[in-house]
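As structure tokens, the structure follows; a few thoughts come after it.
Throughout, read-outs are computed from the coordinates displayed, never taken from laboratory work. Every value quoted in this text rests on a predicted model; they were computed, and no experiment measured them. Methodologically, a virtual Cβ is constructed for each residue, glycine included, from the backbone with ideal geometry; neighbour enumeration extends over all protein chains shown.
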Amino acid sequence: MSSEIIFAQAIVDGLLMGSLYALIAIGLAMIWGIVEIMNFAHGEFLMIASFLSYFLFIYLGIDPLISIPLAFLTTFGLGYLVQKGIINRILEAPFLTQIFATFALLLIIRNGFFVAFGPDIRSATTWYSEATIDLYGIKISIVKLFATTIVIIATILLHLFLTRTYLGTAMRALSQDKTAAQLMGIDIKKVYAIAFGLGAGLAGIGGALLTSFYYVFPEMGVPFTLIAFISVVLGGFGNILGPAIGAVIIGVLQSIGALIMTPSMKDILVYIVFLAILLIKPTGIFSR
């Protein structure tokens, strides 16, 4: 295989994985940008959805892709309840209190799953998990192609929701000026709960998609939370496009890093570029 094909393969793999990162990052960006809280438990919603899709597949034979709507509704509901029951009570608390609250939530969920299901690594193998399409020597994973298609559809639907509905307009208003939104009669706590639920739901879609080709275990949310945070900071606040592009860049950098370094060192290239961009433009590449 020529070096050009190998490099092109790395780019394609990075783009496909980066699109999945994008969906998770957009969910975090919604919570961070609208509710103005750093949700360290974001990856745990992804993990919950992965376990749900895994058990539905193992015990009921429901394909992980078919379980996506249920994964979204489950994590949306959990996110809504977390915002209503916990986050709304600490909105006026000091910043460190908010951080500790979501970090405590992370520990509760993760350790709860450790106790309930143990530390075992599980996997769900479907007919398309290892299937590929050969395109001029480049192997394209069918499951990641499915995932990318679903991510694009979900992102378009989210964009339409934010721009064409009252709730979406209220969310954008809150992200720009909370005081003015209150004066216009917007129920802030209700909109916050829906925004948090949507952010968690997007992570849930990502978790269901991962079930088809990734391992399922209680700590699986950690790397995706980190990637989501880097994507949001890298892309910048103010829109969903910035974090999405930041996530795709990370996916490509990881893939190239695995090619030019050892796979275990692939994240180093991501951190080097991340630090360089922070030094050059701390507000992010696409910030407004």
Checklist entry - Whose amide H sits under 5 Å from the amide H of Ser123, counting only residues 5 or more places off or on another chain, with H placed in the peptide plane? => result Val216
Checklist outcome for this item: Quick note, segment 176-288: a/c under 1.5 would make it rounded; otherwise a/b > b/c is prolate and the rest oblate (a ≥ b ≥ c, C-alpha gyration tensor); here it is oblate
Next on the checklist: Using the crude model of +1 on Lys and Arg Cβ and -1 on Asp and Glu Cβ, and no other charge, please compute the dipole size for the chain relative to its Cα centre, in debye to 20.
Outcome noted: 620
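Considering just Cα atoms, how many Å³ per residue does the convex hull of segment 80-200 enclose?
Each residue corresponds to 181 Å³ of Cα convex hull volume.
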Checklist entry - Between Ile285 and Asn111, what is the label-to-label distance in nm when each label sits 7 Å out along the Cα-to-Cβ direction? => result 3.9
Checklist entry - What residue among Thr75, Thr102, Thr126 has the largest mean-square fluctuation in a Gaussian network model of the chain, using Cα springs under 10 Å? => result Thr126
Checklist outcome for this item: For the chain, the count of lysine pairs 8 or more apart or interchain whose alpha-carbon atoms are under 25 Å apart comes to 8
Next on the checklist: Compute a Gaussian network model of the chain, connecting alpha carbons closer than 10 Å, and tell me which residue from Gln83, Gln176, Gln254 fluctuates the most.
Outcome noted: Gln176
Item to check | Convex hull volume per residue in cubic angstrom - Cα atoms of the chain | outcome: 138
Item to check | Highest-MSF residue in the chain out of Phe51, Phe95, Phe229 [GNM, Cα springs under 10 Å] | outcome: Phe95
Checklist entry - Where Rh is the Kirkwood radius over the Cα pairs of segment 68-146, the temperature 37 °C and the viscosity 0.692 mPa s, what D in µm²/s does Stokes-Einstein return? => result 199
Checklist entry - Which of the DSSP-defined H helices in the chain satisfy a minimum axial length of 18 Å, computed from C-alpha atoms, and a minimum mean Kyte-Doolittle hydropathy of 1.0? => result 3-30, 42-60, 68-85, 95-117, 142-164, 188-210, 221-235, 241-260, 266-280
Item to check | Approximate spin-label separation Glu130-Leu275, in nm, with each point projected 7 Å along Cα-to-Cβ | outcome: 3.9
Checklist entry - What distance in nm separates the simple spin-label points at Ala104 and Ile86, each placed 7 Å from Cα in the Cβ direction? => result 0.9
Checklist entry - How high is the relative contact order of the chain, given as a whole-number percent (alpha carbon pairs under 8 Å, six or more residues apart)? => result 38
Next on the checklist: For a quick check of your reading of the filter: which GluC sites (Glu not before Pro) in segment 36-140 sit in a DSSP loop and have no more than 11 other Cβ atoms within 10 Å?
Outcome noted: Glu92, Glu130
